[in-house]
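S.K.: Here you go, one structure.
The values are calculated or read from the model by the stated rules, or taken from the named source; none is laboratory data. Just so you know, these numbers come straight off a predicted model, no measurement behind them. So basically every Cβ, Gly included, is an ideal-geometry build from the backbone, and we count neighbours across all protein chains shown. The accessibility values were calculated without ligands, DNA or RNA, using every heavy atom of the protein model including side chains. Shrake-Rupley method; radii C 1.70, N 1.55, O 1.52, S 1.80 Å.
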Amino acid sequence: MSAVQTASPPQEDVRRRSPMAEVLFSLLRSRTFLVGLAIVLFWVACALFGEHFAPYDPLADDIINALAPPSREHWFGTDQIGRDVFSRVIVGSRDILTVAPLATLLATVAGTALGLLTGYFRGIVDDVVSRILEAFMAIPVVIVALLAIVALGTSKTTVIVVIGLSFAPIIARTVRSAVLAERELDYVAAAQLRHESALHTMFVEILPNIIPPILVETTVRLGYAIFAVATLSFMGFGIQPPSPDWGLSISSNYGMIGGGFWWTVLFDALAIASLVIGVNLAADGVHGAFND
Amino acid sequence: MVFLGGQVLPGNVGRAILGPFADQRAVDALNHTLGVDRPLLTQYWSWISNFVQGDMGTSYIFRSPVAPFVIDALGNSMKLAAVAFVLVVPIGILGGVIAALNLNRPLDRIISLGGLSVTVLPEFVTGIILILIFGVWLRWLPISAAWPKDAGFFIQLYYLILPSLPLFLVLFGYIARMARSGMIEALDSDYTRTAVLKGLPWRTVIWRHVLRNALLPTITVIATQTGYLIGGLVVIETLFRYQGIGSLIFTAARGKDFPMLESGILTIGIVYAVATLIADFLYSVLNPRIRLGSDQ
Amino acid sequence: MTEPAKAKNALELKDLSVAYRVAGRNRAVLRNLSLTIGQGEAYGLVGESGCGKSTVALTVVRYLPRNGLISGGAISLDGQDVMKLDAEALRRARAESVSMVYQDPGKALNPSIRIGRQLTEIFELGGITGQAATDRAVAMLNRVRISDPPSVMQRYPHQLSGGMQQRVAIAMALANDPSMLILDEPTTGLDATVEAEVLDLIAQLRQELSASILFISHNLAVVSNMCDRVGVLYAGMLVEEGPTEVVFNDPRHPYTVALLRCLPRGGQRKDQGRLDTIPGFLPGIGATIKGCAFADRCALADDRCRTELPPLYELSDERGKRLSRCFHHDKAQALPRATPADVAPAPKPAAVPVLRVAGLNKTYASHGHPLRAVKDVSLDLRPGETLGLVGESGSGKTTFARLLLGLVPPDAGGTIELEGKALAPKLENRGDDQVKAMQIVFQNPDSALNRSHSIRHLIGRALKRLAGLRGAALEARLNDLVRSVRLTDRHLAVKPRQLSGGLKQRVAIARAFAGDPRIVVCDEPTSALDVSVQAAILNLLADLQAKEDVSYIFISHDLGVVRYLSDKIAVLYLGRIMEIGPSEEVFSGPHHPYTEALLSAVPKLDQTETARIRLDGEIPSATNPPSGCVFHTRCPRKIGPICEQQEPPLAEAQPGHSIRCHIPYAELRRLQKPAAAATVPA
């Protein structure tokens, strides 16, 4: 520290672990995160390799054995046209696990760009855009989806676009408030004092610092995207038959629960529940790791 | 001070106007694709002014004015939402407070993780599971919300318990979480330390010093949940075959009954705006910093 | 007030050890700390950040954070064993015998409860309710010199100024006439004139009340003025203790010796010699310490110091009982300097100014009212010269710096000329050469250095953009620059967060110097740093200036620091220059009454008690500045209606020394004679 160093052992003036390493470390110590991750990975594995393990073809009907209760042949019973519920549950994550992450990705990219721009430039553009986004957020996703699907017809792309665009303002809001806070920090002024361009300041200076809130928001949104995809499928506006999708299966079978055919819906419901909870446990872990 | 209060309120009015405006944009995009294209503002104004006068147009499907349907459905939805709200606000706050007071102990873990888990479940999933448990296996509660004609208050309430539960669960975790983090922040604050070091009994510290500051943010959050609540209503009302605003919009959308659809959505926008307004009002009443401004 | 017979000592800590549990490990914060505070005594506890001062306070009132645990020892408060108290007895002890006041009064008061209620609830604990409690509260507020208590009782904390808030907090602490009052940095963060008032209040209350005081502070001067005895804390251990005057004048532990040498004192200036520094770093919390905790940084240390923990030697003499935890306490003052004092003679500043500012104004809109943050500022700066900007909050010193740099555009009309060429008001419109010629070192390196980038990137990018260097040339210049701020290659690969505060500030300085600037604005560059680190940074700035012939605009609230580095001083109040002139003239006087008050407010280590000047009231709001002379509402030398009606001009009293006051210079000289004599540098 000074011109004349006294005889002393090497100074510990540099902390060994980098901030990113600390975050990873606390992630791996978080039981919540690990449990959540395990559940999600289980369903991802099922989506990828499930058909090799499924005892029956999830799409093959067998009218004679329709609505059979759980038994040794059909662990989870069969549905109204005799398809094996267990096999369908195993592979039922396939569509939701492609549609929901893609929607989240779209929302993150669009939301981050929007949030960076509005937060960095502020002023009238920000006011107007923010107000519009705020108003958008007032409308529930389900209703936006309803309108869009009435207008555009149903397809996976529509679902991705609808969910992505309705989540984008939420991510934009998070990013914007993070950018507003960063903008007040002196390193932004220091960049201006180097005549850096706005793009450089936004993407090289500010963006790396707001990755944590974006990551947290993205994992949380992934949970809600699964929520939304499942709900839309259940409402008949999402994934279409004959997919073994869970929400869709519940939609086509729940009319009969009054008749006691509980197995046609229960296992699908539990599967959705476990996936959503898994994603959110992982998100909670990520949140905790960044905020410790 | 009055000036500052006046600054807060117009902001809300702006939002109140923008809510329905945005709805119209969405609806307008729809009109565009269907070729029903007129200058946006003209259409908007004539429609809005009619709406304000109570004329919501005529339903394509029922061939009769939309207004009675919407008003009826809104009433039904309000009943359902009210049951969920009346239950969830106190219980959610209580859960969050208890969790914070037992921070990092098992009770906190149960409430926090339990709350997190039920909050993120889609309403139809919890709905199905609850129907199976209470309606099909135990047979304690009716699986449909359609109560018999001229049912009294308590009968209606009995029919509404099961449908309101999924809404309750979704909101519970959210409110409990907010209340918990508000509590933790307040408990860790310097003013709580001051209160404790004054020698005040713990109860007094909590009731007088902690709770009020802790729950302020929760109040605003509850209002913003109205939007999610309405989304939830669409699903719940379909699942339980209940004649509310959600199922009205759903049916209208499927049947492409646009006057009905537009009115339903505008109604929701207004309800949302009113809820936000109430929350902002409550917040400013409870927070002297906004109410009084600063003398300096 | 409950026990008829008081224990002999108000507070006794015996072998107190406290640890914080971090990442599954217990990390020691306090190590076998023993100290005793007698009835009615004021004991000061000093030390740098992280030494465990505040932990002592929190342990005494048993309010450690959740992860804190008392791992050994005993605390006796007025004869009561604090560790053995059950919840109810502890509550009663807090209500009756011990109180605490801490930093940041704005947070210590409950934001949603009126002041009156926050006071009366204390009396209610003692069974006094209703009107009686209100009367007691009014009396208490009177006691802390708050005017118009009934109206203050009706207010919420945010409606009071910082000084008032702290008075209320003190009133609350003293409401039940405690036997022990703990003050933890009670004036840190307050403006100098406000701090002086609060310290005076505490000193007066000591006369009136019986409470013993534990005064915790990083500021040696404050403690020296307030306390009878002082303890010096280092790495959670008491290293020296004794009567305040004796310890500060005749220290017997190398750490105390070194700490005192780090402070610019008695009007020391950069051309008279460098400050001494303390090499190395404070041991981190929970570090394993073998031997003397200070050994690694001590030039006197030998092998014994590194292996064996020195005991607390008792060195009592006729001046009182004192202790030192050093084997070499007898020769502590012979501690060799860590930094040589000698300086190369600085080149004489050239006559042509590098910067000329004329008629600079900045008006913000605040809730529809104009707020004149900077009003009609004109000054110039010569190459190699340092201009010190002094003023309290709201004086506009930081705004002025931002105007110069172009970060904020000034109002139309004023001019800024750099080396004879007018600068565009906005940064975007300035040339690259102009931008690199004027750079800044910010107060807080955590905010100023992008935490995502490595040190190499931070400095390298500045070299690329400002010096236009690439490749090998950049690499070579980077190495030079890094060495000139005394960093090493080891520091280049890491992120700012992995470095200590002082090292981070060196990085910021290196970055500012990347483009060979003509002017560097230093905005409180050492106020976030500990004393020992501050000295090293001040030396570095002085060395760089001598080498590069750069000019500084140095902003600080610490007058000692400003005086050390500045050739010229401008004193700002509510956006106006009240006085500007050569550093020595401004400090020695005759000076503006505000400068006089500001100098008088600063607690000094070598206190030769003079007639102190205290300002009444608060700094007025810049949205609604007083008419006439903006200082008239608080001016102790106000001469009459002219001060309220007419704003005095900034008139040249001596060549190069201007004062904005209606009182003629000769008259100021007559009025300030006794005080001026006392502040002339030794």
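S.K.: I need the semi-axes of the equivalent ellipsoid of the stretch C:317-469: take the C-alpha gyration tensor, multiply each eigenvalue by 5, square-root it, list largest first in whole angstrom.
M.R.: 40, 23, 20
S.K.: Quick one: what Rg and Dmax do you get for the stretch C:466-564 from the alpha carbons, in Å?
M.R.: Reported Rg and Dmax, both Å: 13.8, 43.
S.K.: Now, a different point. Express in Å², to the nearest 10, the accessible area of B:Glu185 obtained by rolling a 1.4 Å probe over the protein heavy atoms while all chains stay in place.
M.R.: Here the accessible area works out near 140 Å².
S.K.: Sorted from largest to smallest, which semi-axis lengths in Å does the alpha carbon gyration tensor of the stretch B:161-296 give for its equivalent ellipsoid, taking the root of 5 times each eigenvalue? Provide the component values of the computation, followed by the final result.
M.R.: Values: eigenvalues 329, 69, 14 Å².
Over the Cα atoms of the stretch B:161-296, the ellipsoid semi-axes are 41, 19, 8 Å.
S.K.: At a probe radius of 1.4 Å, what is the per-residue accessible area of C:Phe294, in Å² to the nearest 10?
M.R.: Near enough 0 Å² of accessible area.
S.K.: Grab the DSSP H runs of the protein assembly as shown that are 4 residues or longer, score each as -39,500 (n - 2.57), total them, divide by all residues and round the 222 nm result to the nearest 500 deg cm²/dmol.
M.R.: -16000 deg cm²/dmol
S.K.: Going toward the positive end of the dipole of the stretch B:148-296, with +1 on Lys and Arg Cβ and -1 on Asp and Glu Cβ, which of B:Gly264, B:Ile219, B:Thr192 do you reach last?
M.R.: Sorting the options by dipole projection puts first B:Thr192.
S.K.: Quick one: what do you get for the stretch C:316-405 if you divide its Cα Rg by 2.2 N^0.38 Å?
M.R.: Normalised by 2.2 N^0.38 Å, the Cα Rg of the stretch C:316-405 equals 2.00.
S.K.: While we're looking at this one, here's another question. Given points 7 Å out from each Cα along the Cα-Cβ axis, report the A:Ala66 to A:Ser197 separation in nanometres with one decimal.
M.R.: For the pair A:Ala66/A:Ser197, the computed spacing is 6.5 nm.
S.K.: Let me ask you something else. Using only protein heavy atoms and a 1.4 Å probe, report how much of A:Phe42 is accessible, in Å² to the nearest 10.
M.R.: 110 Å²
S.K.: How far apart, in nm, are two points set 7 Å out from the Cα along the Cα-to-Cβ line at B:Trp137 and at A:Ile132?
M.R.: The modelled label-to-label distance comes out at 5.0 nm.
S.K.: On to the next question. Could you pull out every residue, at least 5 positions away or on a different chain, whose amide H is within less than 5 Å of the one on C:Leu371? Hs are placed 1.01 Å off N in the peptide plane, and Pro or chain starts have none.
M.R.: C:Tyr364, C:Ala365, C:Ser366
S.K.: Largest first, how would C:Arg669, C:Arg206, A:Arg94 line up by accessible area (1.4 Å probe)?
M.R.: Largest accessible area first, the residues go C:Arg669, A:Arg94, C:Arg206.
S.K.: Could you work out how far the C-alpha centroid of the stretch B:133-173 sits from that of the stretch C:564-607, in angstrom?
M.R.: Each part's Cα centre sits 76 Å from the other's.
S.K.: Where does each of C:Cys522, C:Cys635 land when they are ordered by accessible area, with a 1.4 Å probe and the largest first?
M.R.: Largest accessible area first, the residues go C:Cys635, C:Cys522.
S.K.: Evaluate the stretch C:417-476: find the radius of gyration of its Cα atoms, find its Kirkwood radius, and give the ratio Rg to Rh.
M.R.: Details: Rg = 13.9 Å, Rh = 13.5 Å.
My calculation of the ratio gives 1.03.
S.K.: Once you compute Rg and the Kirkwood Rh from C-alpha atoms, what is the Rg to Rh ratio for the stretch A:44-190?
M.R.: That ratio equals 1.22.
S.K.: Still on this structure: Kirkwood Rh over alpha-carbon pairs of the stretch C:242-315, then Stokes-Einstein at 4 °C and 1.567 mPa s: what D in µm² s⁻¹, rounded to an integer?
M.R.: The diffusion coefficient I find is 91 µm²/s.
S.K.: Quick one: what Rg and Dmax do you get for the stretch C:54-127 from the alpha carbons, in Å?
M.R.: 14.2, 41
S.K.: Same structure, new question: Put C:Glu644, C:Glu392 in order of accessible area, largest first, 1.4 Å probe: what do you get? Display every interim value, and only then the final one.
M.R.: On the way: C:Glu644 75, C:Glu392 10 Å².
Sorted by accessible area, descending: C:Glu644, C:Glu392.
S.K.: Using only alpha-carbon positions, what ratio does the radius of gyration of the stretch B:181-223 give when scaled by 2.2 N^0.38 Å?
M.R.: In units of the globular-protein estimate, the stretch B:181-223 measures up at 1.18.
S.K.: Note down the nm distance, to one decimal, between modelled labels 7 Å out along Cα→Cβ at C:Ser621 and at B:Arg241.
M.R.: Reported label-point gap for C:Ser621 and B:Arg241 is 6.5 nm.
S.K.: What is the Cα coordinate range of the stretch C:190-230 on the first, second and third principal axes, sorted by size from largest, in whole angstrom?
M.R.: 28, 21, 12
S.K.: Given 20 °C and 1.002 mPa s, how large is the Stokes-Einstein diffusion coefficient of chain A in µm²/s, with Rh as the Kirkwood radius over Cα pairs?
M.R.: Values: Rh = 21.9 Å.
D = 98 µm²/s.
S.K.: Taking 37 °C and 0.692 mPa s as the conditions, I'd like the Stokes-Einstein D for the protein assembly as shown in µm²/s, using the Kirkwood hydrodynamic radius from alpha carbon pairs.
M.R.: For these conditions, the coefficient is 94 µm²/s.
S.K.: May I pose another question? Per residue Cα convex hull volume for the stretch C:1-96, in cubic angstrom?
M.R.: Values: hull volume 10.1 nm³, N = 96.
Spelled out: Cα convex hull of the stretch C:1-96, divided by residues, is 105 Å³.
S.K.: Pull up the DSSP beta bridges for the protein assembly as shown and report the antiparallel fraction as a percent, rounded to 5.
M.R.: Antiparallel bridges: around 65 percent, rounded to the nearest 5.
S.K.: Could I ask something else about it? Report the full-extension gain for the segment B:Phe153 to B:Asp188: residue separation times 0.36 nm, less the Cα-Cα distance, to one decimal in nm.
M.R.: 8.1 nm
S.K.: Could you let me know the centre-to-centre spacing of the stretch C:462-498 and the stretch B:210-234, using Cα atoms, in angstrom?
M.R.: Here the two parts' Cα centres lie 51 Å apart.
S.K.: Give the cross-link partners of C:Lys375 among the lysines, using a straight C-alpha distance below 17 Å as the criterion and excluding same-chain residues fewer than 8 apart.
M.R.: Partners found: C:Lys362, C:Lys397.
S.K.: Using the crude model of +1 on Lys and Arg Cβ and -1 on Asp and Glu Cβ, and no other charge, please compute the dipole size for the protein assembly as shown relative to its Cα centre, in debye to 20.
M.R.: With Lys and Arg at +1 and Asp and Glu at -1, about 680 debye.
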